[in-house]
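Colleague: Right, I'll just put the structure down here and ask away after.
The values are calculated or read from the model by the stated rules, or taken from the named source; none is laboratory data. Please read these numbers as outputs of a predicted model, since none were measured by experiment. A quick note on method: Cβ atoms are made from the backbone with ideal geometry, for glycine too, and the neighbour counts reach across all protein chains shown. To get the accessible areas, we keep the full protein, side chains included, count just its heavy atoms, and leave off ligands, DNA and RNA. Shrake-Rupley method; radii C 1.70, N 1.55, O 1.52, S 1.80 Å.
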Amino acid sequence: MRISAPFLNSPYGPTTFSISTQASASRALERRVKSVLVAFGRGVASQFNVRMLLLALLPLCAATAAWGVLLWLGLQPAIDLVQRYFVEHDGFAVSGRWLSTFGLAGFKTVIVPLIAMWLFLPLMVATALIFVGAMALPVIVRHVGSRVYPGLERRRGGSFLGTLWLTMTSLLIFVVLWVATTPLCAFPALGFAIQPLLWGWLTCRVMAHDVLSGYADADEREALLRRHRWQLLAIGTVTGLLGVAPSLFWMGGTLSIVLFPFFAVLSICLYVLIFTFSGLWFTHYGLAALRDHRSTTAPSPTPAGSV
């Protein structure tokens, strides 16, 4: 339905409003939001499945063990490295003036260990993502696919080397951007806006690709990632907001340093649970999008008797 409004004079002629176009866009947006919310609800329900809860224990134990060794061997050298840099470049005077400007002079005495611990955070995120992606996500995709989408064909359009390359390059970019934007955390509003976006980009890029690689062929995967990029980024950003929570442990000044081993283990636990949930959310959304894509692109049956 198109409505002309000749009463609105214009040097270019009458203005025409397309109500049908606006209604179609509104319905399309509603469908997109609904599909994301439906996948969220299914992800929450799956998260509390006993099998999924037990599944999170494997990457959790592996990540905790790996970080126990890494912190034992690397935390003090990291603190010494930051300390040496501050001494050689007059960092204590500069940071003291800068912190005093924002009323944070009390952090001056603990700035070195805090920076060293903040530099470990992106590596914790990377470790949790690697272990969840390698140990939990394949099981999650098989579990959801067999129970919710049993008739969906597995075309396996991805390869191990392709997935490994995408994961490692994405993690490298994420770590570099995290370290580069760490000083912005001094401005809470800005820092906590950037971190969820980094999380969103990382989880969207890695998990959406991994979920679709097992079921979609290469063309289907690229088409879906392109068509649903904003919905996938929204899912990643929401889980990124959850991922900001462990970062708050490192903003407690002296308390963060005293309780660092406890906070480190708790952070790894939260990261693993968040990535497990995001894997479920991405799986439910991605497989539903693939099912709908195939239903709309399937060739029409040839009428009987036609040549």
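Colleague: Quantify, in whole percent, the carbon and sulfur part of the accessible surface of the range 134-246 (1.4 Å probe; protein heavy atoms only).
Modeller: 70
Colleague: Could I ask something else about it? Express in nm, to one decimal, how much length is gained between LEU58 and SER146 on full extension, taking 0.36 nm for each residue of separation and deducting their alpha carbon distance.
Modeller: Values: separation 88, 0.36 × 88 = 31.68 nm, distance 2.15 nm.
In short, 29.5 nm is gained.
Colleague: While we're on this one: How much length, in nm to one decimal, is gained on full extension between ASP219 and HIS89, taken as 0.36 nm per residue of separation minus their Cα-Cα distance?
Modeller: Fully extending the segment from ASP219 to HIS89 adds 41.6 nm.
Colleague: Now for a separate question. Suppose the chain between VAL179 and SER100 were pulled fully straight at 0.36 nm per residue; how much longer would it get relative to their current alpha carbon spacing?
Modeller: Computed gain between VAL179 and SER100 is 26.2 nm.
Colleague: Ok, one more. By average Cβ neighbour count within 10 Å, what is the ranking of 165-178, 130-143, 21-34, 77-90 from highest down?
Modeller: 130-143, 165-178, 77-90, 21-34
Colleague: So with the 1.4 Å probe, I'd like the accessible area per residue for the range 144-235, rounded to whole Å².
Modeller: 51
Colleague: For ALA25, project a label point 7 Å along Cα to C-beta. Then give me every residue of the range 215-241 with its amide nitrogen under 19 Å of that point.
Modeller: Answer for this model: 227-231.
Colleague: Which shape class, rounded, prolate or oblate, goes with the range 40-140 when its Cα gyration tensor gives a ≥ b ≥ c as root eigenvalues, a/c under 1.5 marks rounded, and past that a/b bigger than b/c marks prolate?
Modeller: Verdict is prolate for the range 40-140.
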